[in-house]
Amino acid sequence: MSSDSYTILQFLLDRANIQDTITSMTAFLDRRNWDGLTEHVLSKHEVTIDFTQLYGGEIYKGPGAGQSEAWRVATESLTSWQHVTTGVLVDLPQPGEGVGVPHKVKASANSTVTLQRDGTMGDNMIQHGGIYTLELTRGSAGLGSANPWRVSYLHATPLWTKGNMEVVANAFPKST
C-alpha cells in the first residue's frame, strides 16, 4: 500500500475500525471496562468530552485515562445504566489515486441512554436520546494491526429527555 494513495481495502478497514471504536466506547462503559476505554477507545494524549448540554458542568480536556476515571466515578452512585448507539456515520474520503490516508475523521451516531439510581426522590430513572458528534484520530497501528482509531472528541447533543435529573445529581463536575 502506497502512503500516497488511499486504497479501497484501507477505506473499508478504517470504516469498520471507526465503527468498532464508537461501539466499543458505549459497550465498555456499560460493562465497566475502564481499562478497555483507556487502552482501546479514548485518545491517550488528549480527549475533549462535552456533555454540558445534558448535565451542565464543564467540558473535559485531558488524557483518555482521566476521562475513563471520571466516568467510573460518575457511575459509582448509579444502580445501572445502558447506552444504545446506532446509525453510526463516518466521514471518510473516498479511496483513489491522489487521496491520502486520513489521520483524523469526523463521525456521528444516534444514542439512547438510560440511567437508574435507586433511592432517589421520585422516579429512579432518566433517559436521554440524542446525537453524538465525534472526532477520531489514527494512532500508530498499521494495516493488519490492532484498531488504530481513538476518540479524541465527543459532544452529546440531547434531542429529548424523560425522567428525573436527580438520578445524575452531583455525578458531573460543576464550574466554579
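The values are calculated or read from the model by the stated rules, or taken from the named source; none is laboratory data. All figures in this text were calculated on a predicted structure; none of them were measured in a lab. With ideal geometry, Cβ positions are generated from the backbone for all residues, glycine too; neighbour counts draw on all protein chains shown.
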Item to check | Of the criteria (1) modelled with pLDDT of 95 or more; (2) assigned to a helix (DSSP H, G or I), which one Leu9 fails | outcome: (1)
Checklist entry - In this structure, does Lys61 turn out to be within 18 Å of Ser152 (Cα to Cα), basic (Lys, Arg) and touching a Lys or Arg at 6+ places or on another chain (Cβ under 8 Å)? => result no
